[in-house]
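S.K.: First the structure, then my questions, so here it is.
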Amino acid sequence: MRAKCAGMLIAMLLAAAGCGSDGGSGQATVTVGVVAPLDGGLTQFGLGIRNSVQLAVDEAIAAGLLPGVRLVVRAVDDSSDPDIGVRNVRRQLLDDRSVVGVIGTYNSGVAAAVAPLLAEAGIAMLSPGNTDPTLTLGPDPDHPRRPRANYFRLVAHDAQQGGVLAAYAAAALGAPPVAIVADAKPVSQGLAEDFRDAYRGASGPIASYEIVPDGDTDYAPYAVRAAAARPGLLFFGGEYDHAALLKRAAVDAGLTVALMGGDGVQADGYLAAAGAIAAGDLASSVGAPIEHDPRGGAFLAAYAAHGFVEPPSTFGPYAYDAANILLAATRDALAGRRRVTAAVRASVIATVQAADDALLAPFGGAITGAIGFDAFGDTVNPVLTVYRVEHGAWVALDTAAAD
């Protein structure tokens, strides 16, 4: 009886030892995590991010780019809510020893809550959508200091985005008086402040400036006060769902000037919610229009062929490149190893920090432009495009490298 029990105990220990390794298949299991709004919040962005990561992983599997590795994608919902993000990351990713890195988040507020958990676990985090400058530069812009070595951002941040929008408003629109309304979320308010400061620097007049408290979705009073300031442009710091509410309230208040916003506004969800009154509105978004690049066109064709229902959005290409950077770093880190360890995770972070175009050569190269990260974890290739709503669609007007 003792021998039988001892044999069962040994079998159980062997099975436990296989968790996060090859599971007896002879392959190392490697999990690529995704954290994004999938069930609630800004799902138009989150679902495109998830799908784009899945496409990159599926292509790597088909091409045999990580031999001896069983690749898995585990997508975790954050519903654009920091509390939900933290809860689901704790439950679904932190205890999984096969997780080699995470692609996400979209929302900067969720990133601020999730990034410390991933840093403590030594897990690389590559964001295709965060724009809050403090995530890489810390809270004091005059004395930047990187908060976490595991965090990387592939897109331009709001200090850069606000400057590009202000320059466009000053040069292309003739520097009209601007009424600014912003949600109180740090990233939304930060974009509004960055725009305001850059616009003033370009001698642009600010007609009014208001912050909408958290939880307030009645934009009518703010629209009425903005209309009373007689602006030539309405700037909104926030995302597409609330931008549509403000636009409708502004029109009801007799304010029919164009609304301008950042990457959170430049979404088909804004067009659907605002309808015909969105005509002429302006917004910036990350990168150059992907369809203008041959590799970007190939990505869009492969995405469509994969059968994804949801569009990739402007953040999908960055998620795709982020996934390939992570996979390339993992391939190097796993050489001679059969499972993800703390040393593997540390090696991945170091390789991502040193990433360049050569790293992605086996994966067909990047589709969003030059790859690389500075000492703060920010992209060395910050590019932004200004769009205008024409005939019910976003039309690219101007693409520029950000300072």
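The values are calculated or read from the model by the stated rules, or taken from the named source; none is laboratory data. If you're wondering where the values come from, they're calculated on a predicted model, not measured in any experiment. In this analysis, Cβ positions are derived from the backbone assuming ideal geometry, glycine residues included, and neighbour counts consider all displayed protein chains. Just so you know, the surface numbers come from the protein's heavy atoms only, side chains and all, with ligands and any DNA or RNA stripped out. Shrake-Rupley method; radii C 1.70, N 1.55, O 1.52, S 1.80 Å.
S.K.: Considering each of E291, E310, E390 in turn, give the residue that is at negative phi, touching a helix residue (DSSP H, G or I) at 6+ places or on another chain (Cβ under 8 Å) and in contact (Cβ under 8 Å) with a residue 12 or more places away in the chain.
M.R.: Within the list E291, E310, E390, the selection yields E310.
S.K.: Further, regarding this structure: Can you tell me how many residues in the stretch 372-387 are open to solvent by 20 Å² or more (accessible area, probe 1.4 Å) and part of a loop (DSSP other than H, G, I, E, B)?
M.R.: The number of residues fulfilling the criteria is 5.
S.K.: Looking only at the stretch 177-186, how many residues end up being modelled with pLDDT of 95 or more and either surrounded by fewer than 16 Cβ atoms within 10 Å (Cβ to Cβ) or farther than 20 Å from K247 by Cα (or both)?
M.R.: 2
S.K.: Within the stretch 358-368, can one find any residue that is under 30 Å from A169 (Cα atoms) and part of a strand (DSSP E or B)?
M.R.: no
S.K.: Go through the stretch 81-111 and report how many residues are free of Cβ contacts under 8 Å to residues at least 60 places away in the same chain and either of a type outside the set (K, R) or not in a helix (DSSP H, G or I) (or both).
M.R.: Total meeting the criteria: 12.
S.K.: Can you find a residue in the stretch 214-226 that is touching a Pro at 6+ places or on another chain (Cβ under 7 Å) and at pLDDT below 95?
M.R.: Taking every residue of the stretch 214-226 in turn, none turns out to be touching a Pro at 6+ places or on another chain (Cβ under 7 Å) and at pLDDT below 95.
S.K.: Report, by residue number, each residue of the stretch 219-267 that is assigned to a loop (DSSP other than H, G, I, E, B), crowded, with 24+ Cβ neighbours inside 10 Å and among the charged types (D, E, K, R).
M.R.: E239, D263
S.K.: Just give me the residues in the stretch 160-173 being among the hydrophobic types (A, V, I, L, M, F, W, C) and either outside any helix (DSSP H, G or I) or surrounded by 22 or more Cβ atoms within 10 Å (Cβ to Cβ) (or both), in sequence order.
M.R.: Residues satisfying the conditions are V164, L165, A166, A169, A172, L173.
S.K.: Checking the condition out of contact with any helix residue (DSSP H, G or I) (no Cβ under 6 Å at 6 or more places or on another chain), closer than 21 Å to I367 by Cβ and open to solvent by 50 Å² or more (accessible area, probe 1.4 Å), which residue from A305, A279 passes?
M.R.: A305
S.K.: Give just the number: which of (1) closer than 23 Å to T351 by Cα; (2) free of Cβ contacts under 8 Å to residues at least 40 places away in the same chain; (3) touching a helix residue (DSSP H, G or I) at 6+ places or on another chain (Cβ under 6 Å) does L118 not satisfy?
M.R.: Answer for L118: the failing condition is (3).
S.K.: Let me ask you something else. Only one of D268, D281 is among the acidic types (D, E) and more than 25 Å from S79 (Cα to Cα); which?
M.R.: D281
S.K.: Condition first: open to solvent by 30 Å² or more (accessible area, probe 1.4 Å) and under 14 Å from the mean Cα position of the chain (by Cα). Now tell me which residues in the stretch 48-79 satisfy that.
M.R.: R50
S.K.: Okay, moving on. I'm trying to understand the selection: among the residues of the stretch 308-354, which are surrounded by fewer than 16 Cβ atoms within 10 Å (Cβ to Cβ), more than 24 Å from R148 (Cβ to Cβ) and either in contact with a Ser or Thr (Cβ under 7 Å, 6 or more places away or on another chain) or among the aromatic types (F, W, Y) (or both)?
M.R.: Residue satisfying the conditions is R338 alone.
S.K.: Is it the case that R196 is open to solvent by less than 60 Å² (accessible area, probe 1.4 Å) and among the basic types (K, R)?
M.R.: Judged against the criteria, R196 is a match.
S.K.: Here's a follow-up. Let me confirm something: among P128, P141, P176, P186, which residue is touching a residue at least 40 places away in the same chain (Cβ under 8 Å), of a type outside the set (S, T, Y) and under 26 Å from P213 (Cα atoms)?
M.R.: Residue meeting the stated conditions: P186.
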